[in-house]
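One structure below.
The values are calculated or read from the model by the stated rules, or taken from the named source; none is laboratory data. Note that this is a predicted model, so its numbers are computed, not measured. Ideal geometry is used to build each Cβ from the backbone, glycine not excepted, and the neighbour counts take in all protein chains shown.
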Amino acid sequence: MTEHGGIPEFQIDALQEVSNIGLGNAVTALAELLNKKVDISVPKAYFIELERVFSLVGGLEEAVACVNLILEGDISGTVMFIFTDKSAFKLVDMLTGQETGTTVELDAMGASAVQEIGNILTGSFINAIGGMTGLVMQTTVPMYAFDMMGAILSASIVASGHYDDKVLVIETLFFQENDHIKGHFFLLPETGALNKLFEAIGIPAEC
């Protein structure tokens, strides 16, 4: 049986379905916010080791925009939606109708725009998980940060306690006209949370 980071293929397929639902909801919300059509590629869901999160986004010193919140209830953990700095700049240009490349740094208005998009995306994923599983989850008020990837992830780990050794990654690619923006959704589950998630989906935690 094929596995991704030690997770069986059939469990990945179930999470892929959750991703499709969540991203579909997010695209609808984004299109309403932008008043423009937004296309998206089929999201890729997979698991990686915690230490590989850094290299996936570009390294410890990569500047990123991050919306970060704590997940509580039936499943506990940390949720992050991360854009590289270049993707964040493109996002601001898309939101404001400016030519791509116009934004080269995030002012207060740009940061607010990126935070709003991150809120929509994380909310859509969490709602999709809850709707598909019946799990009850509450989220803290989302926090926004623009910093080096290493500093953001380290602060999240220190603040939130014990994690499973696997991180759920949902990779997204948004298209508008001839441009695209990549973002990464990360769920850092606390120990035991993944088993609860798989059981709620209706598939065994162990193959």
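Against the condition out of contact with any helix residue (DSSP H, G or I) (no Cβ under 8 Å at 6 or more places or on another chain) and surrounded by fewer than 21 Cβ atoms within 10 Å (Cβ to Cβ), how does Asp74 come out, does it pass? Step through it out loud before you land on a result.
Details: out of contact with any helix residue (DSSP H, G or I) (no Cβ under 8 Å at 6 or more places or on another chain): no; surrounded by fewer than 21 Cβ atoms within 10 Å (Cβ to Cβ): yes.
No; evaluated as a whole, the condition is false for this residue.
Quickly run through the stretch 124-136 and pick out the residues that are buried (at least 20 other Cβ atoms within 10 Å of the Cβ) and of a type outside the set (Phe, Trp, Tyr). Break it down stepwise before answering.
Step one: filter the stretch 124-136 for residues buried (at least 20 other Cβ atoms within 10 Å of the Cβ), giving 124-126, 128-129, 133.
Answer for the stretch 124-136, where residues must be buried (at least 20 other Cβ atoms within 10 Å of the Cβ) and of a type outside the set (Phe, Trp, Tyr): Ser124, Ile126, Ala128, Ile129, Thr133.
I'm trying to understand the selection: among the residues of the stretch 68-99, which are of a type in the set (S, T, N, Q), at pLDDT 85 or above and out of contact with any Leu (no Cβ under 8 Å at 6 or more places or on another chain)? Give the derivation first.
Quick first cut of the stretch 68-99, residues of a type in the set (S, T, N, Q) only: 68, 76, 78, 84, 87, 96, 98.
After this cut, where a residue has to be at pLDDT 85 or above as well, the list is 68, 76, 78, 84, 87.
Asn68, Ser76, Thr84, Ser87 - these are the residues of the stretch 68-99 that are of a type in the set (S, T, N, Q), at pLDDT 85 or above and out of contact with any Leu (no Cβ under 8 Å at 6 or more places or on another chain).
Which condition does Glu61 not pass, out of (1) under 26 Å from Ile126 (Cβ atoms); (2) at pLDDT below 85; (3) surrounded by fewer than 13 Cβ atoms within 10 Å (Cβ to Cβ), if it passes all the others?
(1)
Exactly one of (1) within 22 Å of Phe175 (Cα to Cα); (2) over 16 Å from the mean Cα position of the chain (by Cα) is unmet by Gly131. Its number?
Only one criterion is unmet by Gly131, namely (1).
With the condition being over 23 Å from Leu15 (Cα atoms) and of a type outside the set (S, T, N, Q), I'd like the helices (runs of 4 or more DSSP H) fully within the stretch 47-166 carrying at least 1 qualifying residues.
Working: elements: 52-57, 85-96, 108-133, 149-160.
Hits in the stretch 47-166: 85-96, 108-133, 149-160.
Out of the residues in the stretch 62-105 meeting the condition of being among the aliphatic types (A, V, I, L, M) and touching a Phe, Trp or Tyr at 6+ places or on another chain (Cβ under 6 Å), tell me which one is nearest to Leu194 (Cα to Cα). Explain how you work it out, then say what you get.
Residues of the stretch 62-105 that are among the aliphatic types (A, V, I, L, M), as a first pass: 63-65, 67, 69-71, 75, 79-80, 82, 88, 91-92, 94-95, 104.
Retained after the next criterion (residues that are touching a Phe, Trp or Tyr at 6+ places or on another chain (Cβ under 6 Å)): 65, 67, 80.
On the way: Ala65: 26, Val67: 22, Met80: 16 Å.
Among those residues, the one meeting the criterion is Met80.
Please work out if Thr140 is touching a residue at least 40 places away in the same chain (Cβ under 8 Å), of a type in the set (Ser, Thr, Tyr), out of contact with any Lys or Arg (no Cβ under 9 Å at 6 or more places or on another chain) and crowded, with 21+ Cβ neighbours inside 10 Å. If you could, list the steps in order and put the result at the bottom.
Values: touching a residue at least 40 places away in the same chain (Cβ under 8 Å): yes; of a type in the set (Ser, Thr, Tyr): yes; out of contact with any Lys or Arg (no Cβ under 9 Å at 6 or more places or on another chain): yes; crowded, with 21+ Cβ neighbours inside 10 Å: no.
Here the answer is no, as Thr140 does not meet what is asked.
How do the pairs read when you match residues in the stretch 180-201 that are touching a residue at least 40 places away in the same chain (Cβ under 8 Å) and over 16 Å from Thr78 (Cα atoms) with residues anywhere that are in a strand (DSSP E or B) and among the hydroxyl-bearing types (Ser, Thr, Tyr), using Cβ under 6 Å and keeping only pairs 6 or more apart or on different chains?
So the pair list comes out as Gly183/Thr172.
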